[in-house]
Amino acid sequence: MNASKVGFVGLGEVGYYMGRGLLEAGVQEVCAYNRRSQLYWAKAIDAGISRASSLEELVHRSEILISAVPGSQASLVSQQAALYIQPGQLYVD
């Protein structure tokens, strides 16, 4: 699968560096959604990572979703994302 649109649930250190690396490797679009920390947003936007306003928006804009949240939140996030995921999309935790 050659994904052109990758979404990150969580934009901390992991989401930022992975997203930036994917853009540098030629992925067409990287988008992220983060409920809490604003720490990486300025750097992410400068790197070309776009911002989704909700988890639902992120899922609809992505072919592959990568969960980059703390382990304590992984189950909850996957359950919430499952409400919007469609056939053909890939969820990675």
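The values are calculated or read from the model by the stated rules, or taken from the named source; none is laboratory data. If you're wondering where the values come from, they're calculated on a predicted model, not measured in any experiment. No Cβ is skipped: glycine too gets one built from the backbone with ideal geometry, and neighbour counts run over all protein chains shown. With ligands, DNA and RNA removed, areas are computed over all heavy atoms of the protein, side chains included. Shrake-Rupley method; radii C 1.70, N 1.55, O 1.52, S 1.80 Å.
Report the local net charge at Leu65: Lys and Arg +1, Asp and Glu -1, summed over other residues whose C-beta lies under 11 Å from its C-beta. Once positives and negatives cancel, what remains is 0. Counted residue by residue at 0.36 nm each, then reduced by the alpha carbon distance between them, the extension gain from Ser78 to Arg35 reaches 14.0 nm. At a 1.4 Å probe, what is the % contribution of carbon and sulfur to the accessible area of the chain? Carbon and sulfur together cover 52 percent of it.
Length, then width, then depth: along the principal axes, the Cα atoms of the stretch 7-47 run 28, 17, 14 Å.
For the chain, DSSP calls about 0 percent of its internal beta bridges antiparallel. Sequence-distant contacts, meaning Cα pairs under 8 Å at least 6 residues apart, place the relative contact order of the chain at 33 percent. When a/c reaches 1.5 or more, the comparison of a/b and b/c decides; with that in mind, is the stretch 41-93 rounded, prolate or oblate per its Cα gyration tensor? Because a/c hits 1.5 or more and a/b fails to exceed b/c, the stretch 41-93 counts as oblate. State log₁₀ I(q)/I(0) for the chain at q = 0.12, 0.16, 0.17, 0.22 Å⁻¹ as given by the Debye formula over alpha-carbon point scatterers of equal weight, solvent excluded. The calculated log intensity ratios at q = 0.12, 0.16, 0.17, 0.22 Å⁻¹ are -0.30, -0.55, -0.63, -1.08. The dipole here belongs to the stretch 28-93: it is taken about the Cα centre, uses +1 on the Cβ of Lys and Arg and -1 on the Cβ of Asp and Glu, and is about 220 debye.
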